[in-house]
Structure formats: C-alpha cells, structure tokens
C-alpha cells in the first residue's frame, strides 16, 4: 500500500512534509464559538424504539387533527393520503403485496421513532418548530388514521412505547444478529 504525503496546499500548517506539533495546528477557521453544554443538550433529543428520550407532554388524535390541518395537510393531503408529500395513511396493500404501499401503518416499526422523526424534520419548511405536545398530538393523529390507536387515546412517554405497530416484526434487528 502506498502512502501519500499531503501537500501544503491542503494543509497549510505543514511545510512539504515537515511535521508540526499538534498544539501548533489551528483548531478551525476561527469562526463562531464553541458549542456550550446547553447548546449540545438542546440538540441531543434522540428517541429510541423503546421510548428512551421521549419528552414530557402528551396529545390525542383529536388534538392532532388540528395540528395536522395547520402544519401537514398542505403536503400530505386530506387524511394523510398524500399530495406533494408522501402518503402517510390509507394503504390498501401491505408491503408483501405485489404493489405495496409504504405508509406509517404498513412500514413504520415503532411509534417512539415516528415521534422522533416528526419532531426533528417536520414541518418541512420549519423543522423542529412543533411543541412536544403538538408532536405527540400529530403522531397520535397519524397513528389513528392508520387504525392503530383510538381518537381519544392519550400518547405520552408512558403510552407511546406500548403501541404495537403492525410492521414491528418486519425488520431484522442487527444488534440481535451478533
């Protein structure tokens, strides 16, 4: 295997192969400021399939219908049937059918990770702008549209991990394969 010496054009603190002590290497372009622990904590919001990381708050499908109408309808259509955004509900065909439909009810394996996805990436034009209560509510609404929970069922950090998604066993857990 060949080794390639990085030229000064790429790393200006090296001089044609001269080694420089790590302490003398610049730590970036000098823009901005280091992230504080509070900054990092604000972005450290991941939620795992078992519900670890779900925040406080709650919502129902009934409340979620209003959130959906305001923030989701324009892309995902009436009743989640799709428009410029993906179809989220109303699938007539399972993933194992000849013409499968990939919706929340046919594809998504865990309700907590659905919450996480919505909280991080929706609405598309302002991701992360929904409150935790609104995110619980719209997640509940989408679960309801897929026939998974009832209209008045409360979704929160205790109830959401207990939701049995129809395709929960449709994935291979690579952690168990070791």
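Derivation of every value follows stated rules applied to the coordinates shown; laboratory data play no part. Worth saying up front: this structure is predicted, and the values here are computed from it rather than measured. Cβ coordinates were reconstructed from backbone atoms using ideal geometry, including for glycine residues, and neighbour counts include every protein chain displayed.
When peptides 70-80, 124-134, 104-114 are sorted by average Cβ neighbour count within 10 Å, with the highest value leading, the order is 104-114, 70-80, 124-134.
The shape of region 58-162 comes out oblate: with a ≥ b ≥ c from the C-alpha gyration tensor, a/c is at least 1.5 while a/b does not beat b/c. On full extension, the segment bounded by residue 78 and residue 56 gains 5.0 nm, given 0.36 nm per residue less the C-alpha separation. Here r is the Cβ-Cβ distance between residue 42 and residue 153 and R0 is 41 Å; the resulting FRET efficiency, rounded to 0.05, is 0.85. Three principal axis extents describe the C-alpha atoms of region 94-136; from largest down they are 38, 21, 12 Å.
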